[in-house]
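Peer 1: One structure, as structure tokens, below. Some questions next.
The numbers here are math on the coordinates, done by the rules we state, and not lab data. Everything numeric here is computed off the predicted structure, so don't read it as measured data. Glycine also receives a Cβ, built like all others from the backbone with ideal geometry; neighbour counts cover every protein chain displayed.
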Amino acid sequence: MTPTTEIFNDLLKLAVESGASDVVTKSARPGYVRISGRLKPVDMDPITPAEVSEFIDTHVPAIFRARWMEQTQVDFAYVAEGIGRFRVNAFHQRGMASIVFRHIKDHVPSFADLGLNADPMLNLAKAKDGILLVCGATGSGKSSTLAAMLNWINQNLDKHIITLEDPIEYTFLDDKSVFQQREIGLDVPNFEMAIKSVLRQNPDIIFIGEMRDRETFETAISAAETGHLVLSTMHAGTVAQSLTRLFEFFPPEQQIQARRQISSTIRGFICQKLIPTMEGGGRVPANEILTTDSVIRNLILDGQFEKIQGLLEAGTDSASFSFNRDLYRLVKAGTISKAEGLRFSPNPQALEMNLKGIFFK
């Protein structure tokens, strides 16, 4: 092990032992760790630009070296022996290299491990076909929630599951299901090729790491229309924002056709935020979940998206609920403070009224 690798491994070991989710390194600065959503400096000597560059040059897979040299940014997986596995993003800023590490836990989590309400998740996981999107900001636990869902499917259903990831995060051991996990760049040259070929690989379920563009979403629609279940993530804060993002993939002249396809294939949205707990030192997920039914499908088909949020706020269906309803539950249970609930609420005034016992039908 080189001295440079040892410096980074010591930093990663400290991060894992501290329960950090991420490690941020920047040339000529000490490392930083993100614990319970907060970024904290590490008491260490600054990491030199030469050390950051040497770590990348040493550990970036050979197949990605040309990309790093040409594009000055690259994603890859790194295993620190005896410490753990990490998703790595290396990039340049102001002409110098930086690296961000995301710790990927070896244990695939369950819904209980994550503090998730399993019932609405299971309703969606049992879908035979269609598209299910888990949405939220970076670091909101989207990958962990989907891993828990895939883990439940693996333990309970006999499915052929193909994942397309950049890079692979959680690794699954076959149980009742069979997994084929394809890493972009290592197992297939690029995402476009992986997407085009996946339907020829006889999957029951397709997991796409991120719904990134129109081509990806159109492939997801084709898969859903031919009897496959597609799971993916998207950067959007709420159900309303998620719907808006989907329709932004299509030009104005295709909006009517898009509404028809999306209304018939979307099975649901799971939007997620991580909220600091009352005890401190940890975070708990709060969700906004939309499970589509005939009413929701007709609203999407007619383009009446504004009415969907109203149904989430006013309804009592355990399969669909707004962030405020889940934040209300967490505050009343003493899991999070009222102040944190209001801080993370997309409509704090309405949540304040709910906490006073006032609900609008």
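Peer 1: State, to one decimal in nm², a quarter of the convex hull surface area for the C-alpha atoms of segment 271-361, i.e. the direction-averaged projected area.
Peer 2: One quarter of the hull surface, i.e. the mean projection, equals 5.9 nm².
Peer 1: Here is a follow-up. How high is the relative contact order of segment 3-104, in percent, counting Cα pairs under 8 Å that sit 6 or more residues apart?
Peer 2: Numbers: 171 pairs, mean separation 26.2, N = 102.
Once divided by the residue count of segment 3-104, the mean separation gives 26 percent.
Peer 1: Among residues other than Ile336 whose Cβ falls under 12 Å from its Cβ, what is the net charge (Lys/Arg +1, Asp/Glu -1)?
Peer 2: +3
Peer 1: Estimate the FRET efficiency between Asn89 and Asp317 by the formula 1/(1 + (r/R0)^6), using the beta-carbon distance for r and 45 Å for R0, to the nearest 0.05.
Peer 2: With R0 = 45 Å, the Cβ-Cβ based efficiency is 0.70.
Peer 1: Given 0.36 nm per residue, what is the gain on full extension from Thr58 to Asp45 after removing their alpha carbon distance, in nm? The partial results should precede the final answer.
Peer 2: On the way: separation 13, 0.36 × 13 = 4.68 nm, distance 2.10 nm.
Difference between extended and current length: 2.6 nm.
Peer 1: While we're on this one: For Leu342 and Arg200 in one chain, what is 0.36 nm times their gap in residues minus the Cα-Cα distance, to one decimal in nm?
Peer 2: 46.4 nm
Peer 1: Among DSSP beta bridges whose residues both lie in segment 111-355, state the antiparallel percentage, nearest 5.
Peer 2: Percentage antiparallel, nearest 5: 30.
Peer 1: For Glu279 and Lys356, what is the calculated FRET efficiency with R₀ set at 30 Å and r taken between the beta-carbons, to the nearest 0.05? Walk me through the numbers on the way to the answer.
Peer 2: Numbers: r = 25 Å, r/R0 = 0.84.
Once rounded, the FRET efficiency stands at 0.75.
Peer 1: Evaluate the distance, in nm, between pseudo-label points positioned 7 Å from the Cα of Lys105 and of Gln304 along their respective Cα→Cβ axes.
Peer 2: 4.3 nm
Peer 1: So what is the relative contact order for the chain, in percent, with contacts set as C-alpha pairs under 8 Å and at least six apart?
Peer 2: Reported as a whole number, the value is 13 percent.
Peer 1: Give, rounded to the nearest 20 debye, the magnitude of the charge dipole that segment 3-104 has about its Cα centre when Lys and Arg contribute +1 at Cβ and Asp and Glu contribute -1 at Cβ. Provide the component values of the computation, followed by the final result.
Peer 2: On the way: 12 positive and 12 negative charges, 96 e Å.
With only Lys, Arg, Asp and Glu charged at Cβ, the dipole is about 460 debye.
Peer 1: Same structure, new question: Where Rh is the Kirkwood radius over the Cα pairs of segment 3-104, the temperature 10 °C and the viscosity 1.306 mPa s, what D in µm²/s does Stokes-Einstein return?
Peer 2: 117 µm²/s
Peer 1: Separate question: So if we plug the beta-carbon distance of Asp119 and Gln181 into 1/(1 + (r/R0)^6) with R0 = 25 Å, what FRET efficiency do we get, rounded to 0.05?
Peer 2: Efficiency computed from Cβ-Cβ geometry: 0.35.
Peer 1: Expressed as a rounded percentage, what relative contact order does segment 211-361 have, with Cα pairs under 8 Å and six or more residues apart?
Peer 2: 19 percent
Peer 1: In what order do Tyr78, Tyr328 fall by count of nearby beta-carbon atoms within 10 Å, going from fewest to most?
Peer 2: So the ranking, lowest neighbour count to highest, is Tyr328, Tyr78.
Peer 1: Something else about it: Suppose every Lys and Arg Cβ carries +1 and every Asp and Glu Cβ carries -1, with no other charges. What dipole size does the chain come out with about its Cα centre, to the nearest 20 debye?
Peer 2: Around 1000 debye, computed over the chain.
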